[in-house]
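*Asks:* I'd like to ask some things about the structure below.
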């Protein structure tokens, strides 16, 4: 398994879209937490985006998961960056 840091970028113009779809987005994330594919997630305090830490076999698997995010489906994500990550110390280092 590999860990991936996913950074969502939000446009101020899509705040209403995200507000409308936030319950479905959080339910989607909760299901991924339950099956061990999401290690941590949360929005940036300034409202410009969010950081999500995933555990998947491959980046292709992750990209397929991200297409199912209700925020993505509704057009609430202006950009995203995926980076494979190697947590060496701390709580997340023991989750792989």
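*Asks:* If only one of 23, 12 is touching a helix residue (DSSP H, G or I) at 6+ places or on another chain (Cβ under 9 Å) and exposed (fewer than 15 other Cβ atoms within 10 Å of the Cβ), which one is it?
*Replies:* Going through 23, 12 in turn, the sole match is 23.
So that you can scan it fast, the table gives a plain yes or no per residue for (1) in contact with a strand residue (DSSP E or B) (Cβ under 8 Å, 6 or more places away or on another chain); (2) without any contact (Cβ under 8 Å) to a residue 40 or more places away in the chain; (3) closer than 18 Å to residue 61 by Cβ; (4) part of a helix (DSSP H, G or I):
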position: 5; (1), (2), (3), (4): yes, no, yes, no
position: 14; (1), (2), (3), (4): no, no, no, yes
position: 17; (1), (2), (3), (4): no, no, no, yes
position: 20; (1), (2), (3), (4): no, no, no, yes
position: 23; (1), (2), (3), (4): no, yes, no, yes
position: 31; (1), (2), (3), (4): no, yes, yes, yes
position: 41; (1), (2), (3), (4): yes, yes, yes, no
position: 45; (1), (2), (3), (4): no, yes, no, no
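*Asks:* While we're here: Inside region 1-34, can you point out the residues that are modelled with pLDDT of 95 or more and under 20 Å from residue 91 (Cα atoms)?
*Replies:* Across region 1-34, the qualifying residues are 3, 4, 5, 6, 7, 29, 30, 32, 33, 34.
*Asks:* Only residues that are touching a strand residue (DSSP E or B) at 6+ places or on another chain (Cβ under 7 Å), outside any strand (DSSP E or B) and either under 13 Å from residue 11 (Cα atoms) or modelled with pLDDT under 95 (or both): list them for region 58-81, please.
*Replies:* Hits for region 58-81 are 77, 78.
*Asks:* I'd like to verify a number: residues in region 47-57 that are closer than 20 Å to residue 2 by Cα and either over 10 Å from the mean Cα position of the chain (by Cα) or in a helix (DSSP H, G or I) (or both), how many?
*Replies:* Looking only at that region, the number is 3.
*Asks:* Further question on the same structure: With on the phi < 0 side of the Ramachandran plot and surrounded by fewer than 11 Cβ atoms within 10 Å (Cβ to Cβ) as the only criterion, which of 35, 68 stands out?
*Replies:* None of the others qualify; the one that does is 35.
The values are calculated or read from the model by the stated rules, or taken from the named source; none is laboratory data. In this text the structure is predicted, and so the values were computed from the model without any measurement. Methodologically, a virtual Cβ is constructed for each residue, glycine included, from the backbone with ideal geometry; neighbour enumeration extends over all protein chains shown.
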